[in-house]
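Quick notes on the structure that follows.
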Amino acid sequence: MRRTLLALTLIASPALAAEKAVPDMVAGTPGMNVEMPYLMAPMKGADGKLAGYAYLTTRLTAGSPAAALKVRDRLAFIQDAFVRDINAAAVTSPGDLNAVDIAGVETRLTADARRIVGAAGVKMVTVCTVQIANLHLKSAPLADLADLANPKALPKSRCEKEKSGG
């Protein structure tokens, strides 16, 4: 029995050492990423009327494992702040009303989360996916219609790219 345990320990030791030697990614270590509930951001056209919605999936990266627990504990308050923020100000790019300003939204949502959890508790908020749905099918760009018919043409999640290193 002792020989078996010793053999297993010797086999597992290099694997454990290699696991600890891997540096933390920008996205954070396992357990520090909190998948947030979906957000539905209204998008206005050039005339100022509602033209559609942008469906956003986001991920919050906590500053530490303890902060991740605090984030999960205050998830409802963070989500409320996110919903209020995206409904109070436009999420579109200044030059293109059909595109979401991802960097701007991430900055705004990070500030909201830091206000609730604390600056050290939130490393960043990442917008993983954006799907735009126009209210009127006639106004939908042809590229969007082609994407719906061909699921392989849909963009992959930015969060999945980070996990795979691409």
Go through (1) assigned to a strand (DSSP E or B); (2) among the aliphatic types (A, V, I, L, M); (3) within 18 Å of Ala111 (Cβ to Cβ) and name the single condition Ala54 misses. (3)
Taking the range 86-102 and keeping only residues that are farther than 16 Å from Met40 by Cβ and of a type outside the set (A, V, I, L, M, F, W, C), one is left with Ser93, Pro94, Gly95, Asp96, Asn98, Asp101
Just give me the residues in the range 38-51 being assigned to a strand (DSSP E or B) and under 19 Å from Arg108 (Cα atoms), in sequence order. Leu39, Met40, Ala41, Pro42, Met43, Lys44
Residue under question is Thr92, and the condition is that it be farther than 17 Å from Gly48 by Cα and of a type in the set (Ser, Thr, Tyr); does it hold? no
The range 83-96, residues that are loosely packed, with under 15 Cβ neighbours inside 10 Å and in a loop (DSSP other than H, G, I, E, B): Ala89, Ser93, Pro94, Gly95, Asp96
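Looking only at residues in the range 103-117 that are in contact with a helix residue (DSSP H, G or I) (Cβ under 8 Å, 6 or more places away or on another chain) and either free of Cβ contacts under 8 Å to residues at least 24 places away in the same chain or surrounded by 14 or more Cβ atoms within 10 Å (Cβ to Cβ) (or both), which one is nearest to Pro42 (Cα to Cα)?
Within the range 103-117, the first condition is being in contact with a helix residue (DSSP H, G or I) (Cβ under 8 Å, 6 or more places away or on another chain), and the residues that meet it are 105, 108-109, 112-117.
Checking the rest, the ones that are also either free of Cβ contacts under 8 Å to residues at least 24 places away in the same chain or surrounded by 14 or more Cβ atoms within 10 Å (Cβ to Cβ) (or both) come to 105, 108-109, 112-114, 116-117.
Numbers: Val105: 13, Arg108: 16, Leu109: 16, Asp112: 18, Ala113: 21, Arg114: 24, Ile116: 24, Val117: 26 Å.
Ranking the candidates gives Val105 first.
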The residue from Arg74, Arg2, Arg84, Arg59 that alone is modelled with pLDDT of 90 or more, more than 21 Å from Thr129 (Cα to Cα) and of a type in the set (Lys, Arg) is Arg74
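Could you tell me whether the range 58-72 includes any residue that is in contact with a Phe, Trp or Tyr (Cβ under 8 Å, 6 or more places away or on another chain) and more than 17 Å from Gly31 (Cβ to Cβ)?
At the first step, the residues of the range 58-72 found to be in contact with a Phe, Trp or Tyr (Cβ under 8 Å, 6 or more places away or on another chain) are 58.
Going one step further and asking which of them are more than 17 Å from Gly31 (Cβ to Cβ), we end up with 58.
There is at least one residue in the range 58-72 that is in contact with a Phe, Trp or Tyr (Cβ under 8 Å, 6 or more places away or on another chain) and more than 17 Å from Gly31 (Cβ to Cβ).
Does at least one position in the range 70-78 carry a residue that is in contact (Cβ under 8 Å) with a residue 12 or more places away in the chain and in a loop (DSSP other than H, G, I, E, B)? Quick ask: steps written out before the conclusion?
As a first pass, look at the range 70-78 and keep what is in contact (Cβ under 8 Å) with a residue 12 or more places away in the chain: 70-72, 74-75, 77-78.
Retained after the next criterion (residues that are in a loop (DSSP other than H, G, I, E, B)): 74.
Yes, the range 70-78 contains a residue that is in contact (Cβ under 8 Å) with a residue 12 or more places away in the chain and in a loop (DSSP other than H, G, I, E, B).
The values are calculated or read from the model by the stated rules, or taken from the named source; none is laboratory data. Source: prediction; values computed, not measured. Because the Cβ atoms are built from the backbone with ideal geometry, glycine has one as well, and the counts that use them run over all protein chains shown.
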